[in-house]
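Below is one structure; the comments refer to it alone.
The values are calculated or read from the model by the stated rules, or taken from the named source; none is laboratory data. In this text the structure is predicted, and so the values were computed from the model without any measurement. Note that we place each Cβ from the backbone using ideal geometry, even for glycine, and neighbour counts take in every protein chain shown.
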Amino acid sequence: MEELIIIGSGPAGLSAAIYAGRDGIKTLVITGTTVGGQLLLTTTVENFPGFPDDVDGPELIDLMRKQAERFGARFVDGEVTKVDFSSRPFKVWVGSDEYEANSIIIATGASPRWLGLESEKKFIGRGVSSCATCDGAFFKGKNVIVVGGGDTALDDALFLTRFANSVTIVHRRDQLRASKIMQERAFSNQKIKFIWNTVVEEIKGDAKVNGVKLRNVVTNEVMEMPIDGVFIAIGNQPNTKPFEGQIELDERGYIKTHDVVFTNIEGVFAAGDVADYFYRQAVTAAGTGVMAALRVREYLSKIKYESSKS
């Protein structure tokens, strides 16, 4: 039996593994199908502390994993299919393989909603992004589009005006879903333009994005538009399906936490984007991973003390 199982291997899970392993906690990391999470979709990371000359997302994940292994963390490559948090030891299944632990950190992250285009997949990290705050600085003086019509899309568009020459919001309807105040800010910004009743049919480019094919959903008219970057802002989906019915989730499907990393089940903690719909940064995820590991240390000490008294 493990002392700690960490579910997820992005910045939150790996930071937790580094701290837990260094504290001598017997730690098993179940990586998930996408080892490293959304950082694997980022070719260049400029805002993670300690890398003045930037670092590739996959390279950063590889370094963090090696650091966790150095302190004794062990890894199982696979996806959690089922859990049982009804009593301790907690149970976690990867297919037919069952694992047990006295504490759990859930760090499965969230996945961006994509348009589902083959050309979109081709250019992720090469002009296609789901994170304006992560990648906006790469588009200084460029022309970009933002796909979406909610608060996230408008917030991304407003942020991108700090860098881009122009920002065009492409929305499939003739009116926005965003809050009134966000609409007012976007409509009053001279750098922001709108294309209504329109969807992206194809993203074009060679080594990187250089244009999009758009279709008007009312007239079916097709047009091509030269562009340097495409930001997809149609929402994120927290990766919480295996935990439904086992742990308290909010109305959007994110894990409900209090005091940053505590869930409604004692001994089960959550870190990173699986509980954070607002910041969604590698460094904030890493920070909550550290907090969760420190709380695990506290929790394991408590149950050991209680066990020694009984």
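In segment 174-186, the residues that are within 11 Å of ASP155 (Cα to Cα) reach residues that are surrounded by 12 or more Cβ atoms within 10 Å (Cβ to Cβ) and among the polar types (S, T, N, Q) with C-beta atoms within less than 9 angstrom, at least six apart or across chains, in these pairs: ALA178/THR152.
Table: residues versus (1) within 30 Å of ALA293 (Cβ to Cβ); (2) in contact with a His (Cβ under 6 Å, 6 or more places away or on another chain); (3) among the charged types (D, E, K, R); (4) part of a loop (DSSP other than H, G, I, E, B).
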site	(1), (2), (3), (4)
ARG172	no, no, yes, yes
ALA178	no, no, no, yes
ARG185	no, no, yes, no
ILE203	no, no, no, no
ASN210	no, no, no, no
VAL218	no, no, no, yes
ILE234	no, no, no, yes
PRO242	yes, no, no, no
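Search segment 274-309 for residues being of a type in the set (Gly, Ala, Ser) and at pLDDT 95 or above, and hand back the single one that is nearest to ARG22 (Cα to Cα).
ALA293
Which one is surrounded by the most Cβ atoms within 10 Å (Cβ to Cβ) among residues in segment 265-310 that are in contact with a helix residue (DSSP H, G or I) (Cβ under 6 Å, 6 or more places away or on another chain) and in a loop (DSSP other than H, G, I, E, B)? Going through the qualifying residues, I end up with ALA271. Within segment 19-29, take every residue that is crowded, with 24+ Cβ neighbours inside 10 Å and of a type in the set (Val, Ile, Thr) and give me the one that is nearest to MET64 (Cα to Cα). Here the answer is VAL29.
Working carefully through the options GLY36, GLY57, GLY78, find the one that is surrounded by fewer than 19 Cβ atoms within 10 Å (Cβ to Cβ), modelled with pLDDT under 95 and under 22 Å from ALA275 (Cα atoms).
Working: GLY36 fails: surrounded by fewer than 19 Cβ atoms within 10 Å (Cβ to Cβ); GLY57 fails: surrounded by fewer than 19 Cβ atoms within 10 Å (Cβ to Cβ).
That would be GLY78, the only listed residue that is surrounded by fewer than 19 Cβ atoms within 10 Å (Cβ to Cβ), modelled with pLDDT under 95 and under 22 Å from ALA275 (Cα atoms).
In segment 93-126, the residue that is farthest from PHE138 (Cα to Cα) out of those that are among the polar types (S, T, N, Q) and part of a loop (DSSP other than H, G, I, E, B) is SER96.
The set of residues in segment 220-250 being free of Cβ contacts under 8 Å to residues at least 12 places away in the same chain and either farther than 19 Å from PRO112 by Cβ or not charged (D, E, K, R) (or both) consists of ASN220, GLU221, MET223, GLU244, GLY245, LEU249. Considering (1) touching a strand residue (DSSP E or B) at 6+ places or on another chain (Cβ under 6 Å); (2) surrounded by fewer than 19 Cβ atoms within 10 Å (Cβ to Cβ); (3) not in a helix (DSSP H, G or I), the lone condition that GLY141 does not fulfil carries the number (1).
Of all the residues in segment 78-92, those that are among the aliphatic types (A, V, I, L, M) and either assigned to a loop (DSSP other than H, G, I, E, B) or farther than 14 Å from ILE6 by Cα (or both) number 1. Against the numbered list (1) more than 30 Å from GLU2 (Cα to Cα); (2) touching a residue at least 12 places away in the same chain (Cβ under 8 Å), ASN102 comes up short only at (1).
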